[in-house]
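Engineer: One structure follows; several queries about it will come next.
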Amino acid sequence: MDYNKDLDFKICNGTDRGLCACSVGRQNMQQNTYDWLADVPGNKMTTDLVEVQFKNTRKGYYHNVNNLDLNKGDIVAVEANPGHDIGVVTLTGRLVLLQVKKANFKSADDIRRVYRKAKEVDMTKYKEAKAREHETMIRSRKIAADLGLKMKIGDVEYQGDGNKAIFYYIADERVDFRQLIKVLAENFHVRIEMKQIGARQEAGRIGGTGPCGRELCCATWMKNFSSVSTGAARYQDISLNPQKLAGMCAKLKCCLNYEVDDYMEAGKKLPSKDMILETQDGEYHLFKTDILAGLCTYSTDKNIAANLETITAERAIEVYEMNKKGEKPATLSTGEGATMQNKPIDLLADADLNRFDKENRKKKGGKGKQNKQGGKKQDGKNARGGNKPKQQKEKTSNAARQDKPSNANKPEKSKKPQQNGNKEQHPNNGNHRKERQPKGNRPPRQNNGDKPTQQQHNNENKQ
């Protein structure tokens, strides 16, 4: 394909997910929204509203009254009470109108305006205010503990100009913090605002990774939290284990509500647990069900798994209708609605986990026996000083065993009287060891050639 050389191409980068860089924007912000209308011409002109995000999950919506050229990722100074605040533009165009509807503003006066893009002076004040947040949180916790208040201060956020501080706290009961506000104002000399949050909102502000391996929903996209009960787990046939059902906030996982509607619809098509199916072989009781697949497993015993048969829900209802008419089918699995459950084949189902260990043990044991000669281990060396390969050793040992006659065919040896004299023994015999002589009494070693011995060197040095 031929392109005109006069055309100017703009390369967008900044993301590795295959998405438009202008749409994704900054990825270090929580609850980031993908602007899928960013590359549509005239998208910014549809509204003057922009979405601005502050620390963690706090967001606000402002009017761009000065018609500034704002893009996703720009740092701006916005109106606050009192003074101004510093935030990052996270969304522009038509999608902001949809986000405003979710925010449920009571009146249009709650939406303030954007002053300007942040200057160097604004960023200096902003960094100074942010540097005091951690120390302020530690001191405020000690003050609350001294006053005996049953509350936990989870986070502190300073305004961009440093004139105001928001204290986020968690409390199970109602707390009278009027005295606390006075003490905090005296210590920090700023305007104090107390904001109560729940355990789920705190988990969203902190962020983290869930047991599914993905980032927490409350930190990425979820803003409104609906109540979750254990009934959602029962509908989905999940074991009521508190450790598995609880999330990072120590509450029930929000994702239990995601598929509960589908499970409730599929559960209506399944037969009831009290429904007993009668066949010519006997009675069958419901043992377990696969809700989404629509399969039911029946057992001949009510309490234990015996003679299990898996059929579809339609087949189970068909057999029950036949029982009402007084008819009994031969088996459950026969019929037009019966299906067999296709299970994946596990090639290593009958394999032993220690199948490789046994061979290693035999090899180690064989090495130990072959290396033991004369009560000592020798590293594969022969008595003559040669190195034989392992296979040759095994062949010679097997041939020696075959040539060796058995005990039954052995001729009886005549016992010879023991001689008092010392018998000469082979130097490699392991039963008797040669006594070592002291160093002073050892004879000098014979030399091969004209090389002097160590003893001769020593005598020359002494002389």
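The values are calculated or read from the model by the stated rules, or taken from the named source; none is laboratory data. Note that the structure is a prediction, hence the values are computed from the model and not measured. Using ideal geometry, Cβ is built from the backbone for each residue, glycine included, and neighbour counts are taken over all protein chains shown. Heavy atoms of the whole protein, side chains included, go into the accessibility calculation; ligands, DNA and RNA do not. Shrake-Rupley method; radii C 1.70, N 1.55, O 1.52, S 1.80 Å.
Engineer: Summarise the accessible area of the stretch 89-220 (1.4 Å probe, protein heavy atoms) by the percent that is carbon and sulfur.
Structural biologist: 48
Engineer: Another question, then. With every protein chain present, what is the per residue accessible area of the stretch 196-235 (1.4 Å probe, Å²)?
Structural biologist: 59
Engineer: Let me ask something additional. Based on the mean of other beta carbon atoms within 10 Å per residue, what is the order of 151-161, 77-87, 95-105, 315-325, most packed first?
Structural biologist: Top of the packing list down: 151-161, 77-87, 315-325, 95-105.
Engineer: Can you tell me how the stretch 108-233 classifies by the Cα gyration tensor, rounded, prolate or oblate, using a/c under 1.5 as the rounded cut?
Structural biologist: Oblate, since a/c reaches 1.5 and b/c is not below a/b.
Engineer: Another question about this same structure. What is the list of residues in the stretch 288-332 whose amide nitrogen lies under 17 Å from a point 7 angstrom out from the Cα of I345, following Cα to Cβ?
Structural biologist: No residues fall inside that zone.
Engineer: Once you charge only the Cβ atoms, +1 for Lys and Arg and -1 for Asp and Glu, what is the size of the charge dipole of the stretch 21-118 about its Cα centre, to the nearest 20 debye?
Structural biologist: 220
Engineer: Under 8 Å for C-alpha pairs, at least 6 residues apart: give me the relative contact order for the stretch 194-248, rounded to a whole percent.
Structural biologist: 26
Engineer: Can you give the net charge of the other residues whose Cβ lies under 13 Å from the Cβ of D48, counting K and R as +1 and D and E as -1?
Structural biologist: Local net charge: +2.
Engineer: L97 to T220: FRET efficiency via 1/(1 + (r/R0)^6), r the Cβ-Cβ distance, R0 22 Å, to the nearest 0.05?
Structural biologist: Taking R0 as 22 Å, the efficiency between L97 and T220 is 0.55.
Engineer: For the stretch 75-124, how big is Rg over Rh, using alpha carbon atoms and the Kirkwood form of Rh?
Structural biologist: A ratio of 1.02.
Engineer: Which FRET efficiency value, to the nearest 0.05, do you get for K142 and S272 by plugging their Cβ-Cβ distance into 1/(1 + (r/R0)^6) with R0 = 45 Å?
Structural biologist: 0.15
Engineer: What is the spin-label model distance, in nm, from S227 to H63 if the labels are put 7 Å beyond Cα along the C-beta direction?
Structural biologist: Those two pseudo-labels are separated by 3.9 nm.
Engineer: Sorted by packing (mean other beta-carbon atoms within 10 Å per residue), highest first, where do 212-220, 291-299 land?
Structural biologist: 291-299, 212-220
Engineer: Could you please state, rounded to a whole Å, how far the C-alpha centre of the stretch 232-247 is from the C-alpha centre of the stretch 166-180?
Structural biologist: Computed from Cα coordinates, the inter-centre distance equals 32 Å.
Engineer: Report the charge-dipole magnitude of the stretch 128-261 in Debye, nearest 20, computed about the Cα centre from +1 at each Lys and Arg Cβ and -1 at each Asp and Glu Cβ.
Structural biologist: Dipole about the Cα centre, nearest 20: 180 debye.
Engineer: Right, something else. Along Cα→Cβ, 7 Å out, is where each label goes; now give me the distance between the ones at R174 and N43 in nm to one decimal.
Structural biologist: Result: 4.7 nm between the two label points.
Engineer: Exceeding 31 Å between C-alpha atoms, which entries from my cross-link table qualify? They are K59/K182; K102/K269; K119/K251; K59/K268; K102/K253; K101/K125.
Structural biologist: Distance filter (> 31 Å) returns K102/K269; K119/K251; K59/K268; K101/K125.
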